[in-house]
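The values are calculated or read from the model by the stated rules, or taken from the named source; none is laboratory data. As the structure is a computational prediction, the values presented were derived from the model and not from experiment. All Cβ positions, even for glycine, are placed from backbone atoms using ideal geometry, and neighbour counts span all protein chains on display. Quick note on the areas: whole protein, heavy atoms, side chains included, nothing else; ligands and nucleic acids left out. Shrake-Rupley method; radii C 1.70, N 1.55, O 1.52, S 1.80 Å.
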Amino acid sequence: MASSPSLLFLILSQTLFSLLAIGAAQSPEFLVGCYNTTVPTQVADPAGTAAATMMGCLSSHISSLVADTSQLAASAPHAAAAQAFSDCAHKLACVKSALGAAHAALAQDDYKGAGKSVHSALDYGAECQSKIDAALKSGAGVVTAKVAAVQHKMKLLGELCEAVINIVEHM
């Protein structure tokens, strides 16, 4: 019979695979970013390694989102949409910082600190999504293919953050 950490690792691996498959289907560059993720060697247990891998994947994903939202801010036809995308790019930089703190906490086996940092990342991501949604609902922007892609990536960001939170909370 599998030990509890091995079973947890198996469940987490299946969750990661499912999320990667969903992400790859609609954002191939997302999958490439995840494959290029390096796992910190300081994380000793398998579940911690899975969480660290997902955070590395998220970090790569966020870099892409920052570039996309910055580009949309620069090209937005309305000031309100430009401001929303600019604010979102700033919030996403905060997400990346929070994930860095989560990585550091995992390396020190501080699962509570890692969870708190990932919760912060999720909150920043939700604020970013709210700003974009509010700008679009106010008529300040048109949902182009690029905007729709960013919205999809934001949804994937939230799902991955939730998965990491679940992992860390079970550790």
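Tell me, what is a quarter of the convex hull surface for the C-alpha atoms of the stretch 131-171, in nm² with one decimal?
The number I arrive at for the stretch 131-171 is 3.1 nm².
Quick check: residue separation of Ser130 and Ala93 times 0.36 nm, minus the Cα distance between them. What number comes out in nm?
So the chain would gain 11.7 nm between Ser130 and Ala93.
For a quick protection proxy, order the peptides 84-90, 51-57 by their average other-Cβ count within 10 Å, most packed first.
The peptides rank, most packed first, as 51-57, 84-90.
Give the accessible surface of the stretch 91-171 per residue, rounded to a whole number of Å², with probe radius 1.4 Å and ligands, DNA and RNA excluded.
Normalised by residue count, the accessible surface of the stretch 91-171 is 46 Å².
List the GluC sites (Glu not before Pro) within the stretch 119-171 that DSSP assigns to loop and that have no more than 16 neighbouring Cβ atoms inside 10 Å.
none
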